[in-house]
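The values are calculated or read from the model by the stated rules, or taken from the named source; none is laboratory data. Quantities reported herein were computed from a predicted structural model and do not represent experimental measurements. Positions of Cβ are generated from backbone atoms using ideal geometry, with glycine treated the same way; all protein chains shown enter the neighbour counts.
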Amino acid sequence: MLNRLSLLRDGLPPPEPGYGDFYVVSGAFGSVSVTAETARALERALDARRPVRWLQFRDRSGSRVRVRARDVRCLCESTAAQRAFDRRMDRARAREERSDGRPWQDDESA
């Protein structure tokens, strides 16, 4: 109710929450984003002395997910700082490639 009131008062929708920090579970089934708490629970299940056959959990949007434990290939942390660093590295690589010149500008007569 408060969000509707602020929309009427301000004329703008409330800001969306940030992308934030999360973990990505991926495998043959695709990729699913989960909270840190869910990731810790999945790690415990995967590391158990007697591993479970199926993993059942909720993703960040609340969807129920059920996958075979043997199909999980990666459980990866993704923080805002890590993603920002990756973007900086991508831009640096692109600048480096641009500074190398164009392949058709090579002098083959030398």
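Quick notes
- Within the range 40-71, the residues that satisfy the criterion of being in a helix (DSSP H, G or I) and either of a type in the set (K, R) or exposed (fewer than 10 other Cβ atoms within 10 Å of the Cβ) (or both) are R40, R44, D47, R70.
- Scanning the range 33-54 for residues that are under 19 Å from S78 (Cβ atoms) and either of a type in the set (A, V, I, L, M, F, W, C) or modelled with pLDDT under 95 (or both) returns V34, A36, A39, A41, L42, L46.
- Considering the range 9-32, and only residues there that are among the small types (G, A, S) and more than 24 Å from A80 (Cβ to Cβ), the residue that is modelled with the highest pLDDT turns out to be G27.
- Inter-residue pairs, beta-carbon under 7 Å, first crowded, with 16+ Cβ neighbours inside 10 Å and in the range 17-29, second part of a loop (DSSP other than H, G, I, E, B), 6+ apart: F22/T35; F22/R60
- Flag for S109 being at pLDDT below 95 and of a type in the set (G, A, S): yes
- Take the conditions (1) assigned to a helix (DSSP H, G or I); (2) modelled with pLDDT of 95 or more; C74 misses just one of them, which is (1).
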